[in-house]
Amino acid sequence: MTSAAMDFSQAKAERRNFQRVRVKIYGRFMLEDRSEHPCQVLDMSPGNVLLRADRIGQPGEKVIAYIDHIGRIEGVVTRTQADGFAMTIVASDRKKDKLAAQLTWLANKHELDLPEDRRHERIAPRNPISVIQLADGRQYQCRIIDLSLSGAAIEIDVKPALGTQVILGTMRGQVVRHFEDGVAVEFAVIQRPESLEAEFSVGRDL
């Protein structure tokens, strides 16, 4: 049995082991022929995901996807439908635990009818050094990798839990994603361009 066939068999066995969460987030995925395509997540669990896409992978085909708020996931196509396909998620138990925490936050966000994530152009600020403050008053210096009107990716030594309320500079928000060197913060409200310019892009004493 080939590795892909083994993965596909495992995917079928695991397909219903996790509760699915209905979410509306976007991303892109790469098929085995290395072609990349946009997609929308319709529902997801730590073990599988249903994607809406114009290009559909074949059952048993390996897929690498990059999903907003979630990051990189790998898996195998388990079934197809007219407007997309379902895939298993091949990951360690630790990775699946992290996915569960991320999905819990996303599910709560949708349940509370919070504004949908808005896709804004990300820029690297001329003044990348800032400070992030937690709700208990602790402060940490951080470096802004990039930011947009709706949030920022920051490099920081600590990783507050997903959903933690923070203040980046003077912008209130919450942690929505972890990555290797830091966290992503979604602002509580969409910022005005001039506010970001004043906060992060002009010189100041540090």
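Assorted remarks:
- Here the 3J(HN,Hα) profile of region 63-75, calculated from phi with Karplus coefficients 6.51, -1.76 and 1.60 at θ = phi - 60°, is 9, 10, 10, 10, 10, 3, 6, 10, x, 7, 10, 10, x Hz, Gly and Pro shown as x.
- Shown in residue order for region 93-105 are the 3J(HN,Hα) couplings computed by the Karplus curve 6.51 cos²θ - 1.76 cosθ + 1.60 at θ = phi - 60°: 4, 5, 5, 5, 4, 5, 4, 4, 5, 5, 5, 4, 5 Hz (x for Gly and Pro).
- Förster-model FRET efficiency, 45 Å R0, ASP33 and LYS95, C-beta, rounded to 0.05: 0.95
- A cut-off of 5 Å between modelled amide H atoms, ignoring neighbours fewer than 5 places along the same chain, links VAL166 with GLY173, GLN174, VAL175.
- Looking at region 25-94, the accessible area is 44 square angstrom per residue; that uses a 1.4 Å probe and ignores ligands, DNA and RNA.
- Whole-Hz couplings from phi, Karplus 6.51/-1.76/1.60, listed for region 177-192; x for Gly and Pro: 7, 10, 9, 4, 9, x, 9, 9, 10, 9, 5, 5, 9, 5, 7, 8
- Separation between Cα centres of region 153-170 and region 33-48, rounded to whole Å: 26
The values are calculated or read from the model by the stated rules, or taken from the named source; none is laboratory data. Keep in mind that what you see is a predicted model, and the values were worked out from it rather than measured. As a convention, Cβ positions derive from the backbone with ideal geometry for all residues, glycine included, and neighbour counts pool all protein chains shown. SASA here: full protein model, heavy atoms, side chains in, ligands and nucleic acids out. Shrake-Rupley method; radii C 1.70, N 1.55, O 1.52, S 1.80 Å.
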